[in-house]
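Quick one: the structure is below, and I'll ask about it shortly.
None of the figures in this text is laboratory data; all of them are computed from the coordinates on show. Predicted model only: the values in this text are computed from it and were never measured. In this analysis, Cβ positions are derived from the backbone assuming ideal geometry, glycine residues included, and neighbour counts consider all displayed protein chains.
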Amino acid sequence: MTRIVTGARRAVPRVATTVGVLLALWGLWELYRWTWIETGWTWPFPVNDTTLPHLHTIFAALGKHTSAGPLLITVLLKSAWFTAKEAMIGFAGGAIVGFFLAVALVHSRLMQRAFLPYIVASQTIPILAVAPMVVVWLKAGWQSVAVIAAYLTFFPVTINTLRGLQSAEPRAHELLRSYAASRWSVLWKLRVPASLPYLFSALKVSATASVVGAIIGELPSSIQDGLGGAILNFNQYYSLDPASLWATNVIAAGLGIS
């Protein structure tokens, strides 16, 4: 019972901080909107009910029925779950590839010099240019979307894990060498434990990137069941119903954060 009370007390400041930040953002949104409308400013864009709806209008749209019948939030949650499955597969694949690629690179400076520049260069290519090519190669479907998500996932995992594997103490290396430890032992007993903080940091970034990759991948794949299809659909009716597209973006942001 004491542990439960202690845990609840610790959770209260976190919840209060989160609520406070959300309320502050809500206030800034509405203040920005009111100021720009009252003053007539048009930079960086004119503010009105179409370009920047009220936040309460956006959240109210989630409770409205779509033309097909179900509530908008029901439709978007189903779409979010579909996209989440694609993102999770891509995230897992990209993380595994990134980890083992880092392990291979840390054991060979020749491989680092040969492949690392191209690994970095791969991320300079816009994902919007890569996605259609992947769809052409693998055909439209969730598999191509998962590959696109993995493409955005593997890079941070590779780079951060490589840094982590290289961060082990030199004295610890010398100690293991004095015991004639094999590369395998050095890897799993020294390098991998040292890399874990770097790896977990990369996984946090990659989890969000995988969601972005999945949504972008759904666009050229013509997949209508995910958030990418929902964004395309509501974008067509943005001038008539901007709140639905904004609500879709809110759900997508929530998926990325979670």
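Considering every Cα-Cα pair within the chain, what fraction, in whole percent, is farther apart than 24 Å?
Roughly 63 percent, once rounded to a whole number.
How would you rank F200, F82, going from fewest to most other Cβ atoms within 10 Å of each one's own Cβ?
F200, F82
What percentages make up the Cα-Cα pair-distance distribution of region 37-101 when the bins are 5 Å wide from 0?
Percent of pairs per bin, in order: 4, 13, 12, 12, 12, 11, 12, 11, 8, 5, 1, 0.
How big is region 216-258 along each principal axis, measuring the range of its Cα positions in Å and listing the largest first?
27, 24, 13
Averaged over all directions, how much area does the convex hull of the C-alpha atoms of region 1-133 cover when projected, in nm²?
Result: a mean projected hull area of 16.4 nm².
Running a GNM on the chain with Cα contacts under 10 Å, which residue among L162, L76, L196 ends up with the highest mean-square fluctuation?
Judging by the Gaussian network model, the answer is L196.
What number comes out for the charge environment of V135, summing +1 per Lys or Arg and -1 per Asp or Glu over other residues with Cβ under 14 Å away?
Net charge around V135: -1.
List, in order, the whole-Hz ³J(HN,Hα) value for each residue of region 94-102 obtained from phi through the Karplus relation with A = 6.51, B = -1.76, C = 1.60 and θ = phi - 60°; use x for Gly and Pro.
Here the 3J(HN,Hα) series is x, 5, 5, 4, x, 5, 6, 5, 5 Hz.
Using just the alpha carbons, could you tell me how many Å³ per residue the convex hull of region 114-258 encloses?
Convex hull of Cα atoms, per residue: 134 Å³.
Helix-only mean residue ellipticity at 222 nm, the chain, DSSP H runs n ≥ 4 weighted -39,500 (n - 2.57), per residue, nearest 500. What is it?
Values: 11 runs with 199 residues, N = 258.
It comes out at -26000 deg cm²/dmol, rounded to the nearest 500.
Here's a follow-up. Could you give me the percent of Cα pairs per 10 Å distance bin for region 2-52, shortest bin first, beginning at zero and ending with the bin that holds the maximum distance?
For region 2-52, the pair-distance distribution reads 22, 30, 19, 15, 11, 3.
Would you mind telling me which residue in S182, S210, S144 has the biggest mean-square fluctuation in a Gaussian network model of the chain, where springs connect alpha carbons within a distance under 10 angstrom?
Residue with maximal mean-square fluctuation among S182, S210, S144: S182.
Applying the Karplus parametrisation 6.51 cos²θ - 1.76 cosθ + 1.60 with θ = phi - 60° to the phi angles of region 121-138, what ³J(HN,Hα) value in whole Hz is obtained for each residue in order, glycine and proline being reported as x?
5, 4, 8, 7, 7, x, 4, 5, 7, 6, 4, x, 5, 5, 5, 5, 5, 9
Okay, next question. Which lysines have a Cα lying under 30 Å from the Cα of K64, excluding residues fewer than 8 positions away in the same chain?
K78, K85
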